[in-house]
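Data first, discussion second: the structure below is written as structure tokens.
The values are calculated or read from the model by the stated rules, or taken from the named source; none is laboratory data. Here the structure is a predicted model, which means the values were calculated and not measured. Cβ placement follows ideal geometry from the backbone for every residue including glycine, while neighbour counts extend to all protein chains displayed.
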Amino acid sequence: MTIVDSEVDAAADSAAQTALIEGSIAIGPNGDDVVSKVPFAMTSPLHVPAERYYSREFFELEKQKLWPHVWQMAAREEEIPEPGDFVEYEIVGQSLLIVRQVDGSVKALHNACRHRATELGKGCGRFPGNQIVCPFHGWRWKIDGSISHVFGREGFDSATIAPDDISLREAKCETWGGHVWINMDHNAPPLRDALFPAAELLDRAGVGNMKVKWWKEAIINCNWKLAQEAFFEAWHVKQTHPQLYTYDDTPDNETDLTSVDYTPFVNGHGRFQSGDAATSYGGRQDFLADQRVLQQGQDAMTLPRDIHVFEGVAAGMDTSSPEYAQKAVMALFEYWDGAGIPHPPMGADFMKLWGGDIHVFPNYLMLPLYVNSLCYRVRPHNDDPDWCRFEVWSLMTYPEGQEPGRAELSGRFDKDDADHWGLIPRQDFANLERMQRGIKNQSLPHTTLAELWEVTIANMHQELDRRLAADY
């Protein structure tokens, strides 16, 4: 086979994958077989019943039917770089230990001693000697979960301490894209089947090369679904983040209908990305100024090194011109090549997602830009439907051989803490608790969704109902 033949085959494979992805549109509203089994079910793609965000009954059903049976992003791989490293993942009262194995693989072990149920690990750390030791009575397990020592064995009926019975129980565990994913249901489908087509889209953005720059969290008085939905669309920018909105509206069109594409996919995933914006819309945008505001406002997506590259080609140019933006982007690719930074090839599949996002059902979002990404994971907090644990990562792709060490959570910071959160996340956080209070207003039976802008919100809820109606 010649090089030309190989390139033709690669292009054909890429086109075939693109067609498969773009054809994987969500199935839409559910029938009575689902709706009849779910309280406060989605009966219209344009309305979400308010009770879904605060009802104890609905929350308990999620605990029973969603979280034990769905693939979840449990950790970044660089949280556990060495054998014996562990990190705890908790979801609605269930705790698992994500543990790096001697052979480099990863296991997810249920975090409960098989003797008297004591939690075996907390937070993150390393198990010395690759042994997990119960702090109560000293029982020990190898990091693969097999029992290695029963202290006081002579005091037990031998039938109760058979090795298979007292080994630590595992959840399903797979890795993709620099993440560790777990599922407590051993009958769950393979990870890549569940992540389709979100994983394929994010592979194109090079997320597997990205590593943690920083990682923080906030505890917010807002239901986990309501919190993450704030990031399923981009048209809140004009009101919530006015410093990022640099277009001049036309008298008859305050929202560019062609600038962003919203796509609901199968498996509850969703995407928004750049569309084919009308060249006459919105006046002129100063690319360099906008990128500076984005970097200063959150230190994610656009990073200081990107600004340095952009400034390096700005001399003598009108930074609001299309020519400058094109030259700035070309300079980025040249910089990546020169610095040894892995990146996808230049192309629409890669670049149209810049500044958009992919929602990975049920509770993870990635917002890639250049070879960086902003990431959100939103979980229920303290067994309370009114509260969530909101984690934020800034990821970047490092030069080969210069990757950072073990990733650790910087801390839990108040949502209004200007020393630890940039302006952009603080603007977003300010809306979340207002929404949770408003959702309980007696005048509001449901939220109202825009058919164009908020289709992925409806899609997420429709998939959630299918999970809640399922027989396991």
Response to the item:
Residue hits (the range 62-77; touching a strand residue (DSSP E or B) at 6+ places or on another chain (Cβ under 9 Å), assigned to a helix (DSSP H, G or I) and surrounded by 19 or more Cβ atoms within 10 Å (Cβ to Cβ)) are GLU62, TRP67, GLU77
Worksheet item: Any residue in the range 74-84 that is among the charged types (D, E, K, R), within 20 Å of PHE361 (Cβ to Cβ) and at pLDDT 95 or above?
Response: yes
Worksheet, complete the sentence: Being in contact with a Phe, Trp or Tyr (Cβ under 6 Å, 6 or more places away or on another chain) and aliphatic (A, V, I, L, M) narrows ILE439, ILE424 down to just ILE439
Practice prompt. Could you tell me whether any residue of the range 210-223 is modelled with pLDDT of 95 or more, assigned to a helix (DSSP H, G or I) and crowded, with 17+ Cβ neighbours inside 10 Å?
Written response: no
Worksheet item: So how many residues does the range 177-208 have that are over 20 Å from PRO68 (Cα atoms), not in a loop (DSSP other than H, G, I, E, B) and not aliphatic (A, V, I, L, M)?
Response: 4
Worksheet, complete the sentence: The number of residues in the range 112-163 that are among the aliphatic types (A, V, I, L, M) and loosely packed, with under 13 Cβ neighbours inside 10 Å is 3
Discussion item. Just to verify a result, which residue in the range 224-238, among those that are outside any loop (DSSP other than H, G, I, E, B) and surrounded by fewer than 23 Cβ atoms within 10 Å (Cβ to Cβ), is modelled with the highest pLDDT?
Written reply: LYS225
Discussion item. Of the conditions (1) at pLDDT 95 or above; (2) aliphatic (A, V, I, L, M); (3) farther than 30 Å from VAL87 by Cα, LEU468 satisfies every one except a single condition; which number is it?
Written reply: (3)
Practice prompt. Scan (1) free of Cβ contacts under 8 Å to residues at least 24 places away in the same chain; (2) in a loop (DSSP other than H, G, I, E, B) for the single condition SER148 breaks and write down its number.
Written response: (2)
Worksheet entry | strands (runs of 3 or more DSSP E) completely within the range 321-423 that count 1 or more residues being out of contact with any helix residue (DSSP H, G or I) (no Cβ under 7 Å at 6 or more places or on another chain) and either loosely packed, with under 14 Cβ neighbours inside 10 Å or not charged (D, E, K, R) (or both) | 364-369, 372-381, 384-397
